[in-house]
Amino acid sequence: MLTAALAQTLATAGKKREAIQLLDNLTKLAAQKYVAPCFFAGIHIGLGENDRAIECLEKSFEENSHWLIYLHIDPSMDALRSDPRFQDLLRRIGLPLKHAIPA
């Protein structure tokens, strides 16, 4: 979802107010129609809220979200790669771990 990607980019660039506004908009949209929780994870990573990002990814796992098949190669998840919870999630999904931590 482009809104989530923009929000993560803004947050990473230090434009947290704008990112939070987009996060709020996306949260309101999710109350009206389905928005995959993994889209929220990237925004939380950009805001430095890695615990919340992991929570979103865990919820996506519980929902069997097809978006999770990209976790091991998605550069927006780089901030989580060394987190043991992220490594555990990759294992449970069945994704390769060799690409999980940048060399």
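What dipole magnitude, in Debye to the nearest 20, does the chain give about its Cα centre under +1 on Lys/Arg Cβ and -1 on Asp/Glu Cβ?
That gives the chain a dipole magnitude of about 140 debye.
Find the accessible area per residue for the chain; the probe is 1.4 Å, ligands and nucleic acids are left out, and the unit is Å².
Result: 60 Å² of accessible area for each residue.
Sequence gap at least 6, Cα distance under 8 Å: using those rules, report the relative contact order of segment 1-45 to the nearest whole percent.
The normalised contact order for segment 1-45 reaches 49 percent.
If you build a Gaussian network model of the chain, linking Cα atoms that sit under 10 Å apart, which residue out of Lys16, Lys28, Lys59 swings the most?
Result for the chain, Cα springs under 10 Å: Lys28 fluctuates most.
How big, in percent, is the set of alpha carbon pairs in the chain lying more than 18 Å apart?
So the portion of pairs separated by more than 18 Å is 44 percent.
The values are calculated or read from the model by the stated rules, or taken from the named source; none is laboratory data. From a predicted model like this one, the values you see are computed outputs, not experimental measurements. Glycine also receives a Cβ, built like all others from the backbone with ideal geometry; neighbour counts cover every protein chain displayed. Ligands, DNA and RNA are excluded from the accessible area calculation, which covers all protein heavy atoms including side chains. Shrake-Rupley method; radii C 1.70, N 1.55, O 1.52, S 1.80 Å.
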